[in-house]
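Trainee: Mind looking over this structure? Questions follow.
A short reminder: the numbers here are calculations on the coordinates, not readings from a lab. Everything numeric here is computed off the predicted structure, so don't read it as measured data. Every residue, glycine as well, gets a Cβ built from its backbone with ideal geometry; the counts of neighbours run over all protein chains shown.
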Amino acid sequence: METPELLALKSRELLNDQLSSVDGNNAKAGTITAISALFIPISFSVFDKIATSYFWICVFFIPIILNIIGICNLIMAMRPRKLFHGIGFHNMDELLTNEVEDVYLFEISINRGSFNDNQEPISKQNRCIKKGLWLIYSSAIALTLFFFVNLITTKPNKMSDNNQNSSTSSGSNNNQTSGGNSAGTSRQIPSTNSGQRSVIEKGGNPNIQKK
């Protein structure tokens, strides 16, 4: 294998690797975007079950906003990009009459130019992915700390309120019980006689009164 042919093959491999990295970044950004999109409604469902105030609501929306900005960066990373990929088909007819070595040299030049021109859009894609990942990871860490601190600060208050409510209810129950007992002891069943009762004669003639 001659040197021009070897260099042409090497430049072709480098260009293909560069374009493959774009596809890998798109797949990575799509997966992380899908997972991060589910992260927001789950956070709202958990936040709805804990104690809230205006302060905690404001703090809660900070990691949510960071997560949304990170998703936007990942979406920007998946935008279609104009990338160069070797010799164009319109040049094939012109290269038919050239020597083999000249064709290899031409391909080396085309691949090198394509590789260099693709560097800028691929660098922008990498920056968007790095920024998006950093924002999403920061959002996850901040939201975890938020739930942890909120749980620590609100749980004792809830426990103390429950204890107070239970003691109050037990005290009221005791008062009602003692009051009921005192009312029960003050009442007595009176004695009655037969003249105060109604009489029904069953099985006989209802028109005849029993003397």
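Trainee: Can you pull out the trypsin sites (Lys or Arg not before Pro) in the stretch 1-90 whose DSSP state is coil and whose Cβ has at most 10 other Cβ atoms within 10 Å? Don't skip to the end; give the middle numbers.
Mentor: Working: sites: LYS10, ARG12, LYS28, LYS49, ARG81, LYS82; in loops: LYS49, ARG81, LYS82.
For trypsin sites (Lys or Arg not before Pro) across the stretch 1-90 that sit outside H, G, I, E and B with at most 10 neighbouring Cβ atoms in 10 Å, the list reads LYS49, LYS82.
Trainee: How high is the relative contact order of the stretch 1-106, given as a whole-number percent (alpha carbon pairs under 8 Å, six or more residues apart)? Please list the in-between numbers first.
Mentor: Numbers: 30 pairs, mean separation 57.1, N = 106.
Relative contact order for the stretch 1-106 comes out at 54 percent.
Trainee: Taking a ≥ b ≥ c as the square roots of the eigenvalues of the Cα gyration tensor of the stretch 1-69, is the shape rounded (a/c under 1.5), prolate (a/b larger than b/c) or oblate?
Mentor: It is prolate, given that a/c is not under 1.5 and a/b is the larger ratio.
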